[in-house]
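Since the structure comes first, as structure tokens, the remarks are kept for the end.
The values are calculated or read from the model by the stated rules, or taken from the named source; none is laboratory data. The structure presented is a predicted model; accordingly, all values stated were derived computationally and were not measured. Virtual Cβ from ideal backbone geometry, glycine too; neighbours counted across all protein chains shown.
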Amino acid sequence: MAKHQLRIIYRSNSHAPLWLVAEKSGAWEKNGLSVDTSPQLIREKAVESLKNGHVDLISGNHHNLYVRNFKNGEDFVHLAQATNNWTENKLVVRPEIRSVQDLRGKKIVADKLTSHAGLNIWLFLKQEGLDVDGGDIEMVELRGSSEQRWKRVLTGEFAGTFVTIPHDSRAAKAGARVVTVRAIPMIRGVTLTTTMSFVKDHPSEVRLLTKGFVDAIHFFLTRKQETLEILKEHASPILKLQSDEEVETLYDEWAQSLERKPYPSPHAISNVFQLAVRRNPEISRYNPLALWDTHFVRELDDSGYIDRLYS
């Protein structure tokens, strides 16, 4: 029987662990799929490649499609969500900083301030009572690697920066204080994103993809040693992991975050929509649930398939 072909692009290497496990575990073949996650896009953004039919789905695009659907009447849609928590919640700080509140009146450094990473920090600080717009704290943009930013904290140039694994342990080994802060609910990482036009024309493929997605999560969560081997061999070069310990830490973070039933959480949707509204205030009247169609996950869930996997 011929396999159904799907072309998917993931927006960040941070998504790679789950996609690699899906591929190497046989989750796609099990469901009659051939999934290519390496489309070569030249001078074309991921969203445009989706619109133009050069890829079928995107893993990502968490906050920038609300404005396109609202203002342009486009038909982008999110179908499933692998994780619902912010993981860049390790705060590398100068020695005198003991808590988030100690950052008041100080400068912190972040990646692009209007990106998902920078907006996450803005929202977290706002929820902690530190208003960037009101001058409670200053966010300075520094594009580049996390290592560049935490090293500037070590030199005393900035009071702190937010990182994810493995940069927290690397910074700690270099002598930095690292404080793990509250992980706010957030739509991030592997989000199955496509268009309603594609869904209507390819419902069988979407059903198979949803089932394969669930199977990949199940493999990740229940077959740790095999997953570690996949991550060590295939994810380490992509994510530049330096030791077995870093691979194990990566696994643990994913295992703690993955949703057995890949629904988005209401709080995560609410928070990511706040990021979208910050960039485009005119969409504040848009209902963020309009961008989601989880009925394929619901259909699989109602069949009892997911519960049987874990029974």
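Being crowded, with 21+ Cβ neighbours inside 10 Å and over 18 Å from the mean Cα position of the chain (by Cα) narrows it down to one of Lys224, Lys211, so name that one.
Just a single option satisfies the conditions, and that option is Lys211.
Rundown of residues vs (1) in contact with an Asp or Glu (Cβ under 8 Å, 6 or more places away or on another chain); (2) of a type outside the set (Gly, Ala, Ser), yes/no style:
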{"site": "Val190", "(1), (2)": "no, yes"}
{"site": "Val199", "(1), (2)": "yes, yes"}
{"site": "Ser204", "(1), (2)": "no, no"}
{"site": "Lys211", "(1), (2)": "no, yes"}
{"site": "His234", "(1), (2)": "no, yes"}
{"site": "Pro237", "(1), (2)": "no, yes"}
{"site": "Gln242", "(1), (2)": "no, yes"}
{"site": "Gln256", "(1), (2)": "no, yes"}
{"site": "Pro264", "(1), (2)": "no, yes"}
Scanning segment 166-221 for residues that are touching a Lys or Arg at 6+ places or on another chain (Cβ under 8 Å) and among the acidic types (Asp, Glu) gives Asp168, Asp215
Per the filter on segment 174-197, residues in a helix (DSSP H, G or I) and of a type in the set (S, T, N, Q) are Ser197
Going through segment 88-103 in order, the residues found to be under 15 Å from Val181 (Cα atoms) and surrounded by fewer than 17 Cβ atoms within 10 Å (Cβ to Cβ) are Arg98, Ser99, Gln101, Asp102
Looking across segment 25-54 at residues that are buried (at least 18 other Cβ atoms within 10 Å of the Cβ) and at pLDDT 95 or above, the single one that is farthest from Pro203 (Cα to Cα) is Ser25
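May I ask you to list the residues in segment 135-159 that are in a loop (DSSP other than H, G, I, E, B) and more than 20 Å from Arg177 (Cα to Cα)?
Looking only at segment 135-159, we keep the residues that are in a loop (DSSP other than H, G, I, E, B), and these are 135-137, 142-145, 155-159.
Gly135, Asp136, Leu142, Arg143, Gly144, listed by residue number.
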The one condition Gly144 fails out of (1) in contact with a helix residue (DSSP H, G or I) (Cβ under 8 Å, 6 or more places away or on another chain); (2) surrounded by fewer than 20 Cβ atoms within 10 Å (Cβ to Cβ); (3) in the same structural domain as Arg104 (by TED's automatic domain parsing) is (1)
Checked pairs for segment 275-296, first surrounded by fewer than 13 Cβ atoms within 10 Å (Cβ to Cβ), second part of a loop (DSSP other than H, G, I, E, B), C-beta under 6 Å and 6 or more apart or across chains, list as none
| message | Given the condition touching a helix residue (DSSP H, G or I) at 6+ places or on another chain (Cβ under 7 Å) and among the hydroxyl-bearing types (Ser, Thr, Tyr), answer yes or no: does some residue in segment 98-116 qualify? | response | yes
*asked:* Would you confirm, using the coordinates I've provided, whether Phe162 is assigned to a loop (DSSP other than H, G, I, E, B) and of a type in the set (Phe, Trp, Tyr)?
replied: no
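To keep it simple, each residue is scored yes or no on (1) under 16 Å from Ile184 (Cβ atoms); (2) surrounded by fewer than 14 Cβ atoms within 10 Å (Cβ to Cβ); (3) small (Gly, Ala, Ser).
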residue: Gln81; (1), (2), (3): yes, no, no
residue: Trp86; (1), (2), (3): yes, no, no
residue: Gly105; (1), (2), (3): no, yes, yes
residue: Ala117; (1), (2), (3): yes, no, yes
residue: Gly135; (1), (2), (3): no, yes, yes
residue: Gln148; (1), (2), (3): no, yes, no
residue: Val153; (1), (2), (3): no, no, no
residue: Gly156; (1), (2), (3): no, yes, yes
residue: Thr161; (1), (2), (3): no, no, no
